[in-house]
Each structure stands twice: as structure tokens, then as C-alpha cells.
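**Q** This structure is in C-alpha cells; I'll ask about it shortly.
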Amino acid sequence: YEPSELIATVRSLLRLRHAEQQARLRTDQLIEMDRRKDEFLAMLGHELRNPLAAIMTAIGILERKGPVDTKEARMHGIIQRQTHHLARLVDDLLDVSRITRGKVELRKEPLDLAESFQQVLSILRPRVEARGLKLEVRLPQTPLWLEGDATRLEQIFTNILDNAAKYTDQGTVSVELFQEGVDGSAQAVLRVKDTGIGIPPEKLAGVFDLFAQVDTSLERSRGGLGIGLTLVRTLVRMHGGSVEATSGGYGEGSEFVVKLPLLAPERIPLLNAANAV
Ligand code: ADP
């Protein structure tokens with residue numbers, strides 16, 4: 001080596017080391033910022049929760065008293081709907097912050113998915129129909145036994161159905177729940193298809209990301225924080241399942257498919273086994 005060559009090599013090595021140090025610094029900063037964001041969201045959720053709980057208690061008391069006239073009854077309705085909406089946003093915010101910090105545990109028990117799905121449907125059917133949409137439902141003839149957390153599974157179904165209604169202005173929301181495969185590889189499949197605004201292909205993969213919203217003015221006006229589908233994906237995975245979205249593109253409707261592993265026949269609770277055959 002010529003001395004000048006050696007010096008140049010040492011210089012470029014030093015430059016590389018410097019670049020590496022800078023990159024590490026930036027990564028540390030990003031990790032720290034991410035941590036502070038999670039902390040802030042958790043704090044925000046808690047701070048909003050208490051006043052909201054007080055408002056909801058007060059509304060409950062007013063409701064029991066009964067409205068004075070129809071105008072007041074209408075106001076009660078508005079306050080109640082909007083507070084519920086706010087409460088769901090806050091719950092979602094707290095949930096997602098707990099989940100990202102690994103603080104959510106499932107309370108699993110053997111349950112019939114078809115039954116818990118029907119419970120969700122009874123609540124959501126009026127909401128879908130109130131938007132002038134047709135709801136088509138196909139449920140299995142036999143129970144679908146799996147080991148899951150009933151509340152969380154209902155949350156998964158509610159979020160997907162709610163979205164189908166929210167992002168569809170006219171037409172049909174069709175829902176299908178069925179079993180695929182047998183024994184060890186049996187899984188429950190839930191398909192929710194709508195004739196709504198659809199999702200452009202380049203945005204499909206991202207819809208499950210936290211705070212993701214397919215960003216158009218049309219869609220922004222529908223509210224929401226872009227948390228629902230992140231919760232759906234995390235909760236589905238915690239049940240050992242998967243979720244996928246497809247769409248023909250803008251204006252072509254969307255389809256969400258959730259797959260969840262079913263219980264092996266020998267693990268179905270004995271008292272209910274007769275129904276499962
Ligand atoms: P949001 O609170 O915005 O609804 P989600 O996490 O539930 O948050 O959904 C993320 C984004 O995915 C939505 O903002 C919307 O752009 C898109 N999306 C979800 N479901 C549908 C659907 N059925 N049709 C069209 N777009 C949808």
C-alpha cells in the first residue's frame with residue numbers, strides 16, 4: 001500500500017463508521033419517539049375516559065326521567081348516539097395502546113362461533129338497515145366450536161360489519177359464515193362482502209396498519225381513527241387465525257375474509273357434542 005492509499009482507506013472507513021453511528025442514533029430516536037407516542041395515546045385514552053364516563057352516567061339518569069317533549073327526545077337521541085360513538089373511539093384507543101404494549105390477554109373458552117356471530121348480527125342488523133342497505137346472511141346449520149374470547153370475537157365481527165355499512169352508500173352487505181376443511185385442519189370462515197366505495201389495490205395491504213385510512217375527502221367525512229382493522233388483525237392472530245381484504249378497486253365494493261381454527265372434535269365440550277355432529 002501507498003501511504004496515500006492507506007490514508008484514503010482509513011478515511012472512508014471512518015466515514016462509514018460515522019454514517020453507521022448516525023443511523024443508530026436515528027433508530028434510537030425513532031424507537032424513543034414511538035414509545036412516547038404509545039405513552040401519549042394511553043394517557044389520552046385515560047384522560048378522556050373519566051369525563052366521558054361521568055357524561056354517560058348523567059345521560060342515563062336523564063333518560064330514566066324521560067324527555068319533556070319530542071324535541072327534547074330528539075336531543076337525547078343525538079347526545080346518546082354521539083357519546084356512544086365517542087366512547088367506542090376511546091375504548092378502541094385504549095385497546096390498541098394496551099395491545100401494542102402486549103397488555104391484552106384473551107379469556108378463552110370453548111364457544112359456538114355461529115351463536116356469538118348471531119348476537120352481533122342482532123345488534124348490527126338495525127344499523128345496516130337504517131342506512132338503507134340490504135343485509136344478506138348465510139349461517140351454518142351446525143355449531144362452529146372454537147376456543148376463543150367471546151367479547152373479542154364479537155369485537156372482530158362488529159368492526160368488520162360496521163365498516164361494511166359505513167363505507168357502503170347503497171346496495172348490499174352479504175355475510176357468510178361456514179366451515180372449511182375437517183378435523184385437525186377445520187376452520188371457520190367469515191366472509192363479509194359489500195357493494196361500497198371499495199379500496200384501491202395499492203392501499204389494500206395497508207388497511208390493517210395502525211391509523212391507516214384510505215385518504216379521500218369522501219372517506220374522511222365518515223369518521224373513525226383507523227384503529228378498528230388493526231384491532232381486528234391483532235385479535236384474529238391472537239386466536240391463531242388470519243384476515244384478508246380484497247376489492248375490485250374504487251367503487252367496486254370490498255370483501256373481508258376472516259379464518260379461525262376450529263376445535264378438534266375430541267375437545268368439543270361433551271354436553272354440546274351431540275349438536276356438533
Ligand atoms: P376507520 O376508523 O377509519 O374505519 P379501520 O381501521 O376500521 O378505521 O379501517 C381503516 C380504513 O380501511 C378505513 O379508513 C377505510 O379507508 C378502509 N376500509 C375499511 N373497511 C372498508 C370497507 N368495507 N370498504 C371500503 N374501505 C374500507
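The values are calculated or read from the model by the stated rules, or taken from the named source; none is laboratory data. Just so we're clear, the structure is a prediction, and the values are computed from it rather than from any experiment. Cβ atoms come from the backbone with ideal geometry, glycine included; neighbour counts cover every protein chain shown. Side chains included, ligands, DNA and RNA excluded: accessible areas come from the protein's heavy atoms. Shrake-Rupley method; radii C 1.70, N 1.55, O 1.52, S 1.80 Å.
**Q** Taking region 113-131 only, how many residues are open to solvent by 30 Å² or more (accessible area, probe 1.4 Å) and either in a helix (DSSP H, G or I) or modelled with pLDDT of 95 or more (or both)?
**A** So the count comes out to 10.
**Q** Restricting the first residue to region 57-70 and requiring it to be open to solvent by less than 90 Å² (accessible area, probe 1.4 Å), which pairs with a second residue that is not aliphatic (A, V, I, L, M) meet a Cβ separation below 8 Å and a spacing of at least six or different chains?
**A** ILE59/HIS76; ILE59/GLN80; ILE59/THR83; LEU62/HIS76; GLU63/HIS76; GLU63/GLN80; PRO67/HIS76
**Q** Follow-up question, since we're still on this one. Can you tell me which condition LEU139 does not meet? The list is (1) touching a helix residue (DSSP H, G or I) at 6+ places or on another chain (Cβ under 9 Å); (2) at positive phi; (3) of a type outside the set (S, T, N, Q), and all the others hold.
**A** Going through the list (1) touching a helix residue (DSSP H, G or I) at 6+ places or on another chain (Cβ under 9 Å); (2) at positive phi; (3) of a type outside the set (S, T, N, Q), LEU139 breaks only (2).
**Q** From the residues in region 80-90 that are crowded, with 16+ Cβ neighbours inside 10 Å and in contact with a helix residue (DSSP H, G or I) (Cβ under 8 Å, 6 or more places away or on another chain), which one is farthest from LEU210 (Cα to Cα)?
**A** Result: ALA87.
**Q** Please find, among THR57, THR83, the residue that is of a type in the set (Ser, Thr, Tyr) and within 26 Å of the chain's Cα centre (by Cα).
**A** THR83
**Q** What is the one condition in (1) over 30 Å from ILE227 (Cβ atoms); (2) aliphatic (A, V, I, L, M); (3) open to solvent by 80 Å² or more (accessible area, probe 1.4 Å); (4) in a helix (DSSP H, G or I) that ALA23 does not satisfy?
**A** (3)
**Q** May I ask you to verify whether LEU218 is aliphatic (A, V, I, L, M), modelled with pLDDT of 95 or more and more than 8 Å from the ligand (Cβ to nearest atom)? Working first, answer last.
**A** Numbers: aliphatic (A, V, I, L, M): yes; modelled with pLDDT of 95 or more: no; more than 8 Å from the ligand (Cβ to nearest atom): yes.
Here the answer is no, as LEU218 does not meet what is asked.
**Q** So, one more: Which residues, taken from region 193-209, are modelled with pLDDT under 95 and more than 8 Å from the ligand (Cβ to nearest atom)?
**A** Across region 193-209, the qualifying residues are PRO200, PRO201, GLU202, LEU204, ALA205, GLY206, ASP209.
**Q** If I filter region 240-257 down to residues being in contact (Cβ under 8 Å) with a residue 24 or more places away in the chain, over 17 Å from ALA165 (Cβ atoms) and not in a loop (DSSP other than H, G, I, E, B), which single residue comes out as most open to solvent (accessible area, probe 1.4 Å)?
**A** Going through the qualifying residues, I end up with THR246.
**Q** So for region 152-162 (the condition being outside any helix (DSSP H, G or I) and more than 8 Å from the ligand (Cβ to nearest atom)), does at least one residue qualify?
**A** no
**Q** Pick from LEU231, LEU177, LEU190: which is within 8 Å of the ligand (Cβ to nearest atom) and either in a helix (DSSP H, G or I) or within 27 Å of GLU129 (Cβ to Cβ) (or both)?
**A** Of the residues listed, the single one that is within 8 Å of the ligand (Cβ to nearest atom) and either in a helix (DSSP H, G or I) or within 27 Å of GLU129 (Cβ to Cβ) (or both) is LEU231.
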